[in-house]
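What follows is a single structure, written as structure tokens, with notes after it.
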Amino acid sequence: MKNIYLIILLVLFVAVSSYAQPSAQKDSVFACGVCGGSCDNISYDKPGICAHCNMPLVKISLADFKSRLNAKPVTIAFYLQDNVVVLDFAGPLEVFTTAGFNVFTVSKTYKPIRSSTVLFVTPDYTIQDAPKSDILVVFGGPTQPTTDDPEVMAWIKAQTSQDQYIMSVCTGAFILGKAGVLDGLTATTFHTAIDDLAKACPKTKVLANTRFVDNGKVITTAGISAGIDGALHLVEKLRGRAYAEDVAKTIEYDKWVPGQGLIVQAGK
């Protein structure tokens, strides 16, 4: 009789264990690594290759996948001027578009912008018709023509007066400094321009040897490739570290060290 009871208990144990196993598996799903496409929002129940972008599927928590689905769209305005440094804007562009953000370019006119090399960029909008954005980013190269232009600076100041994120790459910090955005904050810029920025912005604490400085809503980065670090940091602020790490893996940027910059204020 005891043996019968033991057999019944064993059967019940196996049945309960078998029932519980699928529930545990629901804590995670498989999805493609972040690529910025619509397939970022497709989940699978087993590993494999994404049928849309051919990226390997990775296992992520159900909570992280739900965060992807519920993420608020992000629109970013890149203000570009003649002789802008290509990697200054191309690096962050790759980061933000891979993250699924909507990026558009703005300049004073629709005239094609010649970068510091041979690349020409035709802006999407001018300062007269550019739509509202969640983030404004300005970049390096010769910035004096921008800072000396009252129309452009009026537009920059109008954007920075809104409740949005503002980011500069390299000597783009001089544009934010002229607009008064850096007053009372800590900032950085291209390594050879540190002293000049400190002179131009006496109300700003300017730091050398710093990949980026995050003041909460205002982020400045050092030169050229540091813009990629600043962009990934901003993605992390908006989407979380796991998402930003997926973006870094997708663009094969293995130099990013989360938190490597100076975070003066962790506000979001």
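The values are calculated or read from the model by the stated rules, or taken from the named source; none is laboratory data. The shown structure was predicted, so the numbers you read here are calculated from the model rather than taken from an experiment. FYI the Cβ positions are ideal-geometry reconstructions off the backbone, even for glycines, and counts take in every protein chain you see.
Please determine whether any residue of the range 178-192 is among the aliphatic types (A, V, I, L, M), closer than 18 Å to Asp88 by Cα, surrounded by 24 or more Cβ atoms within 10 Å (Cβ to Cβ) and without any contact (Cβ under 8 Å) to a residue 40 or more places away in the chain. Yes, the conditions are met somewhere in the range 178-192.
In this structure, Phe78 does not qualify as in a helix (DSSP H, G or I) and in the same structural domain as Asp163 (by TED's automatic domain parsing).
Any idea which residue in the range 81-106 is farthest from Lys157 (Cα to Cα), counting only those that are assigned to a loop (DSSP other than H, G, I, E, B) and among the polar types (S, T, N, Q)?
Residues of the range 81-106 assigned to a loop (DSSP other than H, G, I, E, B): 81-85, 99-101.
Of the ones still in play, those that are also among the polar types (S, T, N, Q) are 81, 83.
Numbers: Gln81: 16, Asn83: 22 Å.
Residue satisfying both the conditions and the ranking: Asn83.
The single condition from (1) within 26 Å of Val84 (Cβ to Cβ); (2) at pLDDT below 95; (3) of a type in the set (S, T, N, Q) that Gln265 fails is (1).
Ala173: assigned to a loop (DSSP other than H, G, I, E, B), in contact with a strand residue (DSSP E or B) (Cβ under 7 Å, 6 or more places away or on another chain) and of a type in the set (A, V, I, L, M), yes or no? No: the conditions fail for Ala173.
Starting from residues that are touching a Gly at 6+ places or on another chain (Cβ under 7 Å) and of a type outside the set (Lys, Arg), keep the ones in the range 236-260 and report whichever is farthest from Lys217 (Cα to Cα). It would help to see each step written out before you state the result.
To start, the set of residues in the range 236-260 that are touching a Gly at 6+ places or on another chain (Cβ under 7 Å) comprises 246, 249-250.
Restricting the remaining residues to those that are of a type outside the set (Lys, Arg) gives 246, 250.
Numbers: Asp246: 23, Thr250: 26 Å.
Result: Thr250.
Given the criteria farther than 23 Å from Gly230 by Cα, assigned by TED's automatic domain parsing to the domain that holds Val218 and out of contact with any Phe, Trp or Tyr (no Cβ under 6 Å at 6 or more places or on another chain), does Thr160 qualify? Against the criterion (farther than 23 Å from Gly230 by Cα, assigned by TED's automatic domain parsing to the domain that holds Val218 and out of contact with any Phe, Trp or Tyr (no Cβ under 6 Å at 6 or more places or on another chain)), Thr160 does not qualify.
Matching residues to (1) within 22 Å of the chain's Cα centre (by Cα); (2) modelled with pLDDT under 95; (3) assigned by TED's automatic domain parsing to the domain that holds Ile228:
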residue: Thr98; (1), (2), (3): yes, no, yes
residue: Val103; (1), (2), (3): yes, no, yes
residue: Thr109; (1), (2), (3): no, no, yes
residue: Tyr125; (1), (2), (3): yes, no, yes
residue: Leu136; (1), (2), (3): yes, no, yes
residue: Pro150; (1), (2), (3): no, no, yes
residue: Met153; (1), (2), (3): no, no, yes
residue: Gln164; (1), (2), (3): yes, yes, yes
residue: Cys170; (1), (2), (3): yes, no, yes
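Consider the range 60-81 and keep the residues that are at pLDDT 80 or above and surrounded by fewer than 16 Cβ atoms within 10 Å (Cβ to Cβ). The one that is farthest from Glu94 (Cα to Cα) is Ser61.
Identify, please: which residue in the range 93-146 is exposed (fewer than 15 other Cβ atoms within 10 Å of the Cβ), among the hydrophobic types (A, V, I, L, M, F, W, C) and touching a residue at least 12 places away in the same chain (Cβ under 8 Å) and is, among those, nearest to Asp163 (Cα to Cα)? Result: Phe104. Within the range 204-227, is there a residue that is assigned to a helix (DSSP H, G or I), closer than 18 Å to Ala99 by Cβ and in contact (Cβ under 8 Å) with a residue 60 or more places away in the chain? Yes. Scanning the range 52-85 for residues that are without any contact (Cβ under 8 Å) to a residue 12 or more places away in the chain and over 22 Å from Arg241 (Cβ atoms) yields a single hit, Asn54.
Filtering the range 199-214 to residues that are closer than 26 Å to Ile251 by Cβ and surrounded by 20 or more Cβ atoms within 10 Å (Cβ to Cβ) leaves Thr210, Arg211, Phe212, Val213, Asp214.
Condition test on Lys203, is it farther than 23 Å from Ser133 by Cβ, modelled with pLDDT of 95 or more and basic (Lys, Arg)? So Lys203 fits the description; yes. Among residues of the range 210-268 being in the same structural domain as Val84 (by TED's automatic domain parsing) and among the basic types (Lys, Arg), the one that is nearest to Cys32 (Cα to Cα) is Lys249.
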